[in-house]
Amino acid sequence: MRHGAVAQVHDRRCPRNEDGSVAPHRCRNSWRYVLEYGKDSTGRRLQKTKSGFPTRAAAHEALAEVVRQLGLGATVHSLTVGQYLEDWLLGKHALKPKTVAQYRDMTENYLMPHLGRVRLLELRASHLDAMYAAITIGKSGRPLSPSTIRRIHAVLRSALNTAVKRRMIPYSPAEHIELAPENPKRPRPWNISEARVFLAQVSTDRLGPLYELMLSTGLRRGEAIGLRWQDVDLDGGALFVVQQITEVHGRGVVGTPKTRRGTRVVALDPRTVDALHRHRATQELERAAWGPRWNDANLVFTREDGLPLRPEYATRHFMALVSRMGLPRIRLHDLRHTHATLALAAGVEMKIVSDRLGHSQISVTADLYTQVTRGVARTAANQIADVLRGASDALPTDSLQKSADEGAGERVPHGRSRLQSGHTA
């Protein structure tokens, strides 16, 4: 019954043959349909049935509508998880190219080998449990972190939720899977002394202005590498983040910022403006040296021939510089965290820091920099206490005594309480 069947409902009043089957007759009972759409993990057939239709045509029409809504044509019954995931990935047009590439990598490396041959309608939570047990040891032989497994699960859950919305499966087996808890790593930014050492030593490097800009503004790697000169107002001391360049399988891809609030205006300090002026002069010298072979991409940070920088090269170069400087090893992205940490520690308002970073919500900033905000809160508490203590210390003892005497010396008529006399606390 791949497409279902329609039959009339018979009861005891209907005539029977000797073998007990229903004899041909003009029956006025209602009609029903039965639709089979797969089997559960025990092999029991999954069916959907409904009765009460006045005619055969009405039952057929209702069955056709259910089949259309559920998408349970002949292809769905034989559709495997692997085939469905391929179709699902092709339909993810709204995602950024790097996100699609990450989804495809997780699908091809983990989901396809373990779930690809299972029929979509027969996929159960037990299949997922077996897969997660098997992929705990990653492809490189090193254990996958709980965060990585959760990202893989998020991809599968998103795909299966889409299948549920399209009525291809009755429920998502990914909804009730127990995974190991995450142990997220907090950013490990530099302190102010380490940041100053880095700025002093990186100033002579060709990519020094790039790293200085990231540290002073909190730009993401892709936002800084994708920055164009037309987006920089050196006279006004500001830049406009409108695009980013990410790397997908070794190829640079131009796209919009990571979040909706990522499109923003970021103010520049005078030192950073001077660094960009010097960098522009250096770039003009490189343009003249390459002559007609120069590639004019109008980007602020490029290779010596004008071509866009590869984001991964900028990261590797940064790591090499940090190693030579003897500074604590941090990721290039941690320059962004260093910027935020130092700004919050200096007393800059959380809202302003969040706006500079382009976070989707201020809660993201608050969650990332909890330790910093706790320190700022302690400082604020001490400052308030100092103000209060200072205010009380500033009052002369004799004036306090005078105020007390004046309060005690108020005359209240005999036999009347203070409330009765019109005074209130």
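Laid out as a table, the results:
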quantity: All helices (runs of 4 or more DSSP H) inside region 63-114 with 1 or more residues being modelled with pLDDT under 80 and surrounded by fewer than 18 Cβ atoms within 10 Å (Cβ to Cβ); calculated: 74-78
quantity: Residue that is surrounded by the most Cβ atoms within 10 Å (Cβ to Cβ) [pool: residues in region 115-150 that are without any contact (Cβ under 8 Å) to a residue 24 or more places away in the chain and in a helix (DSSP H, G or I)]; calculated: Met131
quantity: Test: Glu182 is acidic (Asp, Glu) and under 30 Å from Thr162 (Cα atoms); calculated: yes
quantity: Wholly enclosed helices (runs of 4 or more DSSP H) of region 163-268 bearing at least 1 residues farther than 30 Å from Leu46 by Cα and touching a strand residue (DSSP E or B) at 6+ places or on another chain (Cβ under 6 Å); calculated: 208-217, 221-225
quantity: Cβ-Cβ under 7 Å pairs, at least 6 apart or on other chains, region 1-28 side within 30 Å of Ser78 (Cα to Cα), far side at pLDDT 85 or above and assigned to a loop (DSSP other than H, G, I, E, B); calculated: Gln8/Cys27; Gln8/Asn29
quantity: Matching helices (runs of 4 or more DSSP H) fully within region 296-363 where at least 2 residues are of a type in the set (S, T, N, Q); calculated: 311-325, 334-345
quantity: Candidates Gly306, Gly291, Gly252, Gly262 - the one that is within 30 Å of Ala94 (Cβ to Cβ) and either hydroxyl-bearing (Ser, Thr, Tyr) or free of Cβ contacts under 8 Å to residues at least 60 places away in the same chain (or both); calculated: Gly252
quantity: From the options Ala281, Ala224, residue that is of a type in the set (Gly, Ala, Ser) and surrounded by fewer than 14 Cβ atoms within 10 Å (Cβ to Cβ); calculated: Ala281
quantity: Flag if Lys98 is in contact with a helix residue (DSSP H, G or I) (Cβ under 9 Å, 6 or more places away or on another chain), outside the structural domain of Thr259 (by TED's automatic domain parsing), among the charged types (D, E, K, R) and farther than 19 Å from Gly250 by Cβ; calculated: no
quantity: Residue within region 193-202 that is within 17 Å of Val155 (Cα to Cα) and either outside the structural domain of Lys48 (by TED's automatic domain parsing) or more than 22 Å from the chain's Cα centre (by Cα) (or both) present; calculated: no
quantity: Residues of region 227-237 that turn out to be more than 21 Å from Leu335 (Cβ to Cβ) and surrounded by 16 or more Cβ atoms within 10 Å (Cβ to Cβ), as a count; calculated: 0
quantity: Out of Phe198, Phe240, sole residue that is touching a residue at least 24 places away in the same chain (Cβ under 8 Å) and surrounded by 22 or more Cβ atoms within 10 Å (Cβ to Cβ); calculated: Phe198
quantity: Residue within region 223-233 that is under 23 Å from Val364 (Cα atoms) and modelled with pLDDT of 95 or more present; calculated: yes
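Residues are listed down the side, and each one gets a yes or a no for (1) surrounded by fewer than 12 Cβ atoms within 10 Å (Cβ to Cβ); (2) at pLDDT 80 or above:
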| position | (1), (2) |
| --- | --- |
| Ala7 | no, yes |
| Arg12 | yes, yes |
| Glu18 | yes, yes |
| Ser21 | yes, yes |
| Arg28 | yes, yes |
| Gly43 | yes, no |
| Ala57 | yes, yes |
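The values are calculated or read from the model by the stated rules, or taken from the named source; none is laboratory data. These figures come from a predicted structure and were not determined experimentally. Neighbour counts run over all protein chains shown; Cβ positions are idealised from the backbone, glycine included.
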